[in-house]
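S.K.: The structure follows.
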Amino acid sequence: KHHSLRAFSLMLHHEVDLLGGLDAATYYSFRDMVTRIIMATDMSRHRDYCAKVEQLAEHNTDDVVLEMEILIKCADTSNVLRPMEIAKKWAVRIGDEFFTQGDLERSMGLSVTPTCDRESQTLVGMQKGFLDHCIG
């Protein structure tokens, strides 16, 4: 939700005003599409998208939004396929983000998400788990 709110606050900013010329119906349709595309990066929906890709391979569709969702999904998960120097930089960034989330959860007295727990997880372990369970 944060990414969607940030995107729309930028698009609606008075100095940018990318959406000012849209009527209400078009604006809400566009907003729904952008939200769906952003939500495609939610890893809890990863298996659903894998199934959708298989369905697309078997049956052609004219669902342009679904195709955009799959494109953003591929872009979001493709860092492990980049040259090692680039993939490593992104792995460190993602690891830092996850561990920061785990630190915040711990400081708030919440259960720490297992993949975000720097006390029990390693960067290498995180990447191996991602490859084994999401990409592989």
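The values are calculated or read from the model by the stated rules, or taken from the named source; none is laboratory data. Quick caveat, the model's predicted, so the values are computed rather than measured. Backbone-built Cβ (ideal geometry, glycine too); neighbour counts: all protein chains shown. For the accessible areas, the whole protein counts, side chains as well, though only heavy atoms, and no ligand, DNA or RNA atoms are used. Shrake-Rupley method; radii C 1.70, N 1.55, O 1.52, S 1.80 Å.
S.K.: Quick one: in segment 109-136, of everything that is charged (D, E, K, R) and assigned to a loop (DSSP other than H, G, I, E, B), which residue is farthest from VAL92 (Cα to Cα)?
M.R.: GLU119
S.K.: Ok, one more. Could you say whether any residue in segment 51-68 is touching a Cys at 6+ places or on another chain (Cβ under 9 Å), under 17 Å from HIS3 (Cα atoms) and open to solvent by 50 Å² or more (accessible area, probe 1.4 Å)?
M.R.: No; the residues of segment 51-68 include none that is touching a Cys at 6+ places or on another chain (Cβ under 9 Å), under 17 Å from HIS3 (Cα atoms) and open to solvent by 50 Å² or more (accessible area, probe 1.4 Å).
S.K.: To continue, here is another question. Name, by its number, the condition in (1) under 26 Å from LEU131 (Cβ atoms); (2) charged (D, E, K, R); (3) in a helix (DSSP H, G or I) that does not hold for ARG106.
M.R.: Only one criterion is unmet by ARG106, namely (1).
S.K.: Any residue at all in segment 78-90 that's within 30 Å of SER29 (Cα to Cα) and either open to solvent by 80 Å² or more (accessible area, probe 1.4 Å) or part of a helix (DSSP H, G or I) (or both)?
M.R.: Yes, that holds for at least one residue.
S.K.: Of the residues that make up segment 52-65, is at least one under 14 Å from the mean Cα position of the chain (by Cα) and small (Gly, Ala, Ser)?
M.R.: no
S.K.: Hey, another quick one. Tally the residues that are within 23 Å of PHE130 (Cα to Cα), touching a helix residue (DSSP H, G or I) at 6+ places or on another chain (Cβ under 8 Å), part of a helix (DSSP H, G or I) and free of Cβ contacts under 8 Å to residues at least 60 places away in the same chain, restricting the search to segment 37-65.
M.R.: Counting residues in segment 37-65 that are within 23 Å of PHE130 (Cα to Cα), touching a helix residue (DSSP H, G or I) at 6+ places or on another chain (Cβ under 8 Å), part of a helix (DSSP H, G or I) and free of Cβ contacts under 8 Å to residues at least 60 places away in the same chain gives 7.
S.K.: Can you find even one residue in segment 8-26 that is surrounded by 11 or more Cβ atoms within 10 Å (Cβ to Cβ), modelled with pLDDT of 85 or more and hydroxyl-bearing (Ser, Thr, Tyr)?
M.R.: Within segment 8-26, one or more residues are surrounded by 11 or more Cβ atoms within 10 Å (Cβ to Cβ), modelled with pLDDT of 85 or more and hydroxyl-bearing (Ser, Thr, Tyr).
S.K.: Filter segment 96-125 for residues that are exposed (fewer than 12 other Cβ atoms within 10 Å of the Cβ) and aliphatic (A, V, I, L, M) and give the result.
M.R.: Within segment 96-125, MET108, LEU110, VAL124 qualify.
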